[in-house]
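Some notes on the structure that comes next.
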Amino acid sequence: MNFHEYQAKEIFASYGIPIPAGIVARSVDEAVAAAEKLGGDAWVVKAQVHAGGRGKAGGVKFSTSLDAVKENTKNMLGMTIETYQTGGMALPVNEVLITAAADIKQEIYLSVLVDRANKCISFVVCAEGGMDIEEVAKTTPELIHTVIVENNEGLYPYECRKVGFQMGLTSKQTRQLTGIMLALHKMFVENDLALVEVNPLIIDGNDDIVALDAKIAIDDNALFRHKNLAALRDKTQEDPAEAEAHEHELNYIKLDGNIACMVNGAGLAMATMDVIKLKGGDPANFLDVGGGATAARVATAFKIILSDKNVKSILVNIFGGIVRCDLIAQGIIDAIKEVGVEQPIIVRLEGTNVEKGKALIEQSGLAVIAADDLDDAANKAVAAVA
């Protein structure tokens, strides 16, 4: 789950991480009032969406007058933003963050992430912020510093100081960077986060280090431990089908293909997608209905699949272990009757009560294509869209 910038900054502030003053606004009048309260003679209007690259998409505007704040807010609220991070979605702008313009002397990139290769948390710090870190890695990799945090020992202050001195920071700035990194590590662990990104972390006109931007993502599987953070979820920033699936505890991710998959078990779902690709097809989604699926839950999963207009055929691949094949079969029948399905449906059932499941489908009178195994099912699903 992702957070808006203003939400992330509130979390930053609760851990003592310095951030610039800012006020969120949901109307033009609120934006002007926010600028007046902040004071000064220049402000930045920042669209609040769950994506980076907002500036290039017109979502960050420098304003040198209250009239400019008014005009920029008016243009942003209600607009949609699509960037390289939105996955093809155009995200609606329902809020803007008004901040006083910062005096920027230097921009630094800082992120904290789950390092899967080293099975720990790692920091990535770069002396060049405000730009694509991937491009920096290609052209000037020597500017990027990585701190691998030992799981049992945690983050040591000397590791943070080392990074500060490597970047040429002053003693004062190195102390500030150390405090920020230690606070970010504490925040990351205590809240079960998946990613924190500060781009840029700036050195301001007073030679102080401030988090000018903030991005946080939390591990969805840990949200039950953080009800206060779960309450910050903004469903308008999510794919509607994925949001609905989340509400029904279904694991669904929309993809760009045209062969929908409904599978029980993440490993089997991945294998099903692989076989579809092997046969020359393109999966339209990842969908794991889970081990304890009921007929009603399967029917809901079917509706979510059919909400994707790109779907040309549907492959149902169920291994009946915990969930019985007859329950899955009844869910398929209920969904087809309730929603009305024009796309070919290929069903491969195996496991507990498989014969009962097959019998239910055969007796339903529905145009469902039976498959003997996964290879056969994939072939028929691909052939159905040819």
>> Can you tell me which of (1) open to solvent by 20 Å² or more (accessible area, probe 1.4 Å); (2) farther than 14 Å from Ala25 by Cβ is the one Leu91 doesn't meet?
In response: (1)
> For the range 209-240, which residues satisfy the criterion of being in contact with a Lys or Arg (Cβ under 6 Å, 6 or more places away or on another chain) and closer than 25 Å to Asn285 by Cβ?
Replying inline: Asp239
> Quick check: is even one residue across the range 283-292 surrounded by 16 or more Cβ atoms within 10 Å (Cβ to Cβ), among the hydrophobic types (A, V, I, L, M, F, W, C), at pLDDT 90 or above and farther than 16 Å from Ala241 by Cβ?
Replying inline: no
> Is there a residue being at pLDDT 95 or above, closer than 30 Å to Val44 by Cβ and buried (at least 20 other Cβ atoms within 10 Å of the Cβ) anywhere in the range 238-260?
Replying inline: no
> Between residues in the range 139-154 that are among the acidic types (Asp, Glu) and residues that are surrounded by 12 or more Cβ atoms within 10 Å (Cβ to Cβ), which pairs lie under 7 Å by C-beta distance while being six or more apart or on different chains?
Replying inline: Glu150/Cys120
> Which numbered condition trips up Val275, out of (1) in contact with a helix residue (DSSP H, G or I) (Cβ under 7 Å, 6 or more places away or on another chain); (2) assigned to a loop (DSSP other than H, G, I, E, B)?
Replying inline: (2)
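Would you confirm, using the coordinates I've provided, whether Leu97 is surrounded by 16 or more Cβ atoms within 10 Å (Cβ to Cβ), modelled with pLDDT under 95 and of a type outside the set (Phe, Trp, Tyr)? Show your work before the answer.
Details: surrounded by 16 or more Cβ atoms within 10 Å (Cβ to Cβ): yes; modelled with pLDDT under 95: no; of a type outside the set (Phe, Trp, Tyr): yes.
So Leu97 does not fit the description; no.
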> Quick one: what pairs do we get from the range 218-240, first residue touching a residue at least 12 places away in the same chain (Cβ under 8 Å) and over 25 Å from Val93 (Cβ atoms), second open to solvent by 30 Å² or more (accessible area, probe 1.4 Å) and not hydrophobic (A, V, I, L, M, F, W, C), C-beta under 7 Å, 6+ apart or different chains?
Replying inline: Asp219/Asp192; Ala222/Asp192; Arg225/Asp192; His226/Asp192
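For the range 70-87, check the following and say yes or no: at least one residue is touching a Phe, Trp or Tyr at 6+ places or on another chain (Cβ under 8 Å), open to solvent by less than 50 Å² (accessible area, probe 1.4 Å), of a type in the set (Val, Ile, Thr) and over 26 Å from Phe188 (Cβ atoms). Explain how you work it out, then say what you get.
So the first thing to find is which residues in the range 70-87 are touching a Phe, Trp or Tyr at 6+ places or on another chain (Cβ under 8 Å), and the list is none.
Within the range 70-87, not a single residue is touching a Phe, Trp or Tyr at 6+ places or on another chain (Cβ under 8 Å), open to solvent by less than 50 Å² (accessible area, probe 1.4 Å), of a type in the set (Val, Ile, Thr) and over 26 Å from Phe188 (Cβ atoms).
Taking the stated definitions as given, is Val149 within 19 Å of Tyr15 (Cβ to Cβ), among the aliphatic types (A, V, I, L, M), part of a strand (DSSP E or B) and out of contact with any helix residue (DSSP H, G or I) (no Cβ under 6 Å at 6 or more places or on another chain)? Walk me through how you get there before you give the answer.
Values: within 19 Å of Tyr15 (Cβ to Cβ): yes; among the aliphatic types (A, V, I, L, M): yes; part of a strand (DSSP E or B): yes; out of contact with any helix residue (DSSP H, G or I) (no Cβ under 6 Å at 6 or more places or on another chain): yes.
Criteria met by Val149.
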>> If I ask for residues that are under 27 Å from Gln85 (Cα atoms), open to solvent by less than 40 Å² (accessible area, probe 1.4 Å) and of a type in the set (Gly, Ala, Ser), which ones from the range 110-167 would you list?
In response: Ser111, Ser122, Ala127, Gly129
>> So Lys46 passes all but one of these: (1) in contact with a Gly (Cβ under 8 Å, 6 or more places away or on another chain); (2) without any contact (Cβ under 8 Å) to a residue 60 or more places away in the chain; (3) open to solvent by 30 Å² or more (accessible area, probe 1.4 Å); (4) not hydrophobic (A, V, I, L, M, F, W, C). Which condition number does it fail?
In response: (3)
>> Considering only the range 178-195, I want to know if a residue exists there that is more than 22 Å from Gln7 (Cα to Cα), modelled with pLDDT of 95 or more and surrounded by 13 or more Cβ atoms within 10 Å (Cβ to Cβ).
In response: yes
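The values are calculated or read from the model by the stated rules, or taken from the named source; none is laboratory data. Keep in mind that what you see is a predicted model, and the values were worked out from it rather than measured. Positions of Cβ are generated from backbone atoms using ideal geometry, with glycine treated the same way; all protein chains shown enter the neighbour counts. Side chains are part of the model used for accessible areas, which takes the heavy atoms of the whole protein and leaves out ligands, DNA and RNA. Shrake-Rupley method; radii C 1.70, N 1.55, O 1.52, S 1.80 Å.
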